[in-house]
Amino acid sequence: MKLHASIVLSIGAVALLSCRDREVIRTEGPLAVTAARLVDPEPENLLDHARGVVVTSRTGEDSFESSALHSIDGDPQSLWSSPPGDPQQSLTVALPTLTEVTAVGFSSEKAVRKARAPKNIQFDGSLDGSAFFPLVTAVTDKAADTQLFRTQPVRLRSLRVSLREGLGPSDTVDVGSLLLRGNEVEPLRERRIAGRWKLNEDLAQFEQSGARMTGRVEWKEPMEIEGGTNGRIYRFVWLRGFQYGLGAAAVTDDSRSLSGIWWFEESNPFHLGAPWFGEKQSGEAPPRSMPGLLKRYLETTGRFPLYGIRIADDDLVDRSASSETIAEVARFLKQTDGRRFRFIAGEYRAPSIAENMKRSERQLASFRDVMNKAGVDISRIEFVAAGNDPGGKPPVLTKVQRAVYSTVELVDLDWKPRDMIEDARAKRNAATPASH
């Protein structure tokens with residue numbers, strides 16, 4: 001079946017999202033908080049990009065703005081939509097590790113008009129991503145937030161989901177989120193993003209040293225990337241001319257497939273770029289110098305998330321995995337005497353506000369000790385444990401957003417916004433040979 005897709009166009013730093021005739025409801029406010037607890041829209045769902053789930057294949061979608069990746073992005077109000085007139089589509093996802101599954105399902109009510117909600121979805125499982133067996137045929141006569149279909153416990157590494165029919169006369173089917181309940185039964189294996197990739201139709205290259213990774217997407221004006229792995233996904237910042245933003249990518253444990261989400265400026269569902277569906281390219285990646293973005297990103301935004309710092313489950317810095325970023329930050333700070341800096345530890349992944357604060361305090365204490373032992377004069381630097389204080393960030397609701405903002409961030413207290421017009425003039429003048 002032919003793959004249907006169209007590129008999301010962006011103007012300035014905002015991706016224009018066409019909702020067409022579907023109804024979209026968004027949670028408002030700085031944080032969704034109930035009785036001192038953060039509200040996760042899908043707390044038990046294992047089919048989530050933030051957990052390391054990767055879309056390895058799909059047959060079709062209405063457009064990139066309603067792509068298959070939206071079915072696992074943790075936001076039940078973003079949509080995977082079939083192309084008009086062609087509702088029978090399928091996708092395959094790789095789970096991050098061997099998982100014992102007890103139920104599968106989907107959500108559809110809030111973000112989907114009933115005429116476009118699914119009526120019949122086939123779920124198939126696999127242990128190798130190639131040979132699949134029937135798991136559940138999910139048939140329903142209603143649109144609802146959470147529709148789960150129980151199965152006898154079965155172990156899977158991959159799941160295939162096939163849309164068969166919608167509830168109404170519409171020739172398009174929308175799915176808010178795909179759902180999976182169960183438990184991971186094997187420890188995660190370390191992923192490696194290093195190498196040459198094809199992301200949609202674009203070539204890209206990544207390098208990795210310990211937890212830290214750098215990369216470059218070969219557009220006319222390249223997208224430069226720096227980030228790191230938290231064990232499940234790669235979180236990163238990116239620069240492209242005057243544009244900048246954040247992102248998150250997941251890689252299968254065989255390092256052959258990749259899924260990625262990236263945003264302009266902040267992790268905001270209205271600032272999404274085109275999703276990445278990546279395939280590893282054969283052959284050795286040619287050597288390429290990929291300088292880090294710390295100084296340039298800090299100059300552009302006044303802050304730099306330290307995704308190359310790996311925080312272990314006990315909230316202590318993994319010094320071995322983080323050694324390259326530790327050295328990079330220490331070197332930068334030693335070269336910038338006279339400027340004022342602050343490290344802020346953010347943590348959003350615990351269910352309660354109090355636990356997020358405790359975790360950020362433990363992480364910050366460990367990081368402070370790391371900086372001290374790296375020879376940084378910590379007496380001139382502020383250290384702040386912020387927990388899940390939004391601090392000007394957009395609503396942080398999904399697991400991917402929580403992962404992106406759960407990090408130690410370097411903030412330049414003397415930073416001032418750049419004059420982009422003046423920067424562009426200087427860049428143009430530098431490229432123009434002087435006349436004699």
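Evaluated against (1) closer than 18 Å to residue 398 by Cβ; (2) crowded, with 23+ Cβ neighbours inside 10 Å; (3) among the acidic types (Asp, Glu), residue 226 falls short on exactly one condition, (1).
Could you tell me whether residue 270 is part of a helix (DSSP H, G or I) and more than 28 Å from residue 339 (Cβ to Cβ)?
Values: part of a helix (DSSP H, G or I): yes; more than 28 Å from residue 339 (Cβ to Cβ): yes.
Criteria met by residue 270.
Across region 211-223, the number of residues qualifying as surrounded by fewer than 19 Cβ atoms within 10 Å (Cβ to Cβ) and part of a loop (DSSP other than H, G, I, E, B) comes to 5. Selection of region 302-349 for residues being modelled with pLDDT of 95 or more, among the β-branched types (Val, Ile, Thr) and not in a helix (DSSP H, G or I) yields 309, 311, 317, 344. Is there a residue in region 359-377 that is more than 30 Å from residue 52 (Cα to Cα), over 27 Å from the mean Cα position of the chain (by Cα), small (Gly, Ala, Ser) and not in a loop (DSSP other than H, G, I, E, B)? No, the conditions are met nowhere in region 359-377. Scanning region 173-210 for residues that are of a type in the set (Gly, Ala, Ser) and not in a loop (DSSP other than H, G, I, E, B), we see that the one that is surrounded by the fewest Cβ atoms within 10 Å (Cβ to Cβ) is 209.
Total residues in region 144-172 satisfying the condition of being among the small types (Gly, Ala, Ser) and within 24 Å of residue 52 (Cα to Cα): the figure is 2.
When region 298-345 is filtered for residues that are of a type in the set (Val, Ile, Thr) and surrounded by fewer than 16 Cβ atoms within 10 Å (Cβ to Cβ), only 336 remains. Quick one: residue 292 ticks every box in (1) under 18 Å from residue 326 (Cα atoms); (2) not in a loop (DSSP other than H, G, I, E, B) bar one, so which box is it? That leaves (2) as the condition not met.
Yes/no matrix, rows are residues, columns are (1) surrounded by fewer than 18 Cβ atoms within 10 Å (Cβ to Cβ); (2) in contact with a Lys or Arg (Cβ under 9 Å, 6 or more places away or on another chain); (3) more than 26 Å from residue 271 (Cβ to Cβ):
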{"site": "354", "(1), (2), (3)": "yes, no, yes"}
{"site": "360", "(1), (2), (3)": "no, no, no"}
{"site": "365", "(1), (2), (3)": "yes, no, yes"}
{"site": "369", "(1), (2), (3)": "yes, no, yes"}
{"site": "386", "(1), (2), (3)": "no, no, no"}
{"site": "391", "(1), (2), (3)": "yes, no, no"}
{"site": "398", "(1), (2), (3)": "no, no, no"}
{"site": "405", "(1), (2), (3)": "no, yes, no"}
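The residue list 181, 189, 212, 160 contains one member that is out of contact with any strand residue (DSSP E or B) (no Cβ under 6 Å at 6 or more places or on another chain), in contact (Cβ under 8 Å) with a residue 60 or more places away in the chain and not polar (S, T, N, Q), which is 189.
The values are calculated or read from the model by the stated rules, or taken from the named source; none is laboratory data. A quick note: this is a predicted structure, and the numbers were derived from the prediction, not measured. Neighbour counts are summed over all protein chains in view; Cβ atoms, including those assigned to glycine, are modelled from backbone coordinates with ideal geometry.
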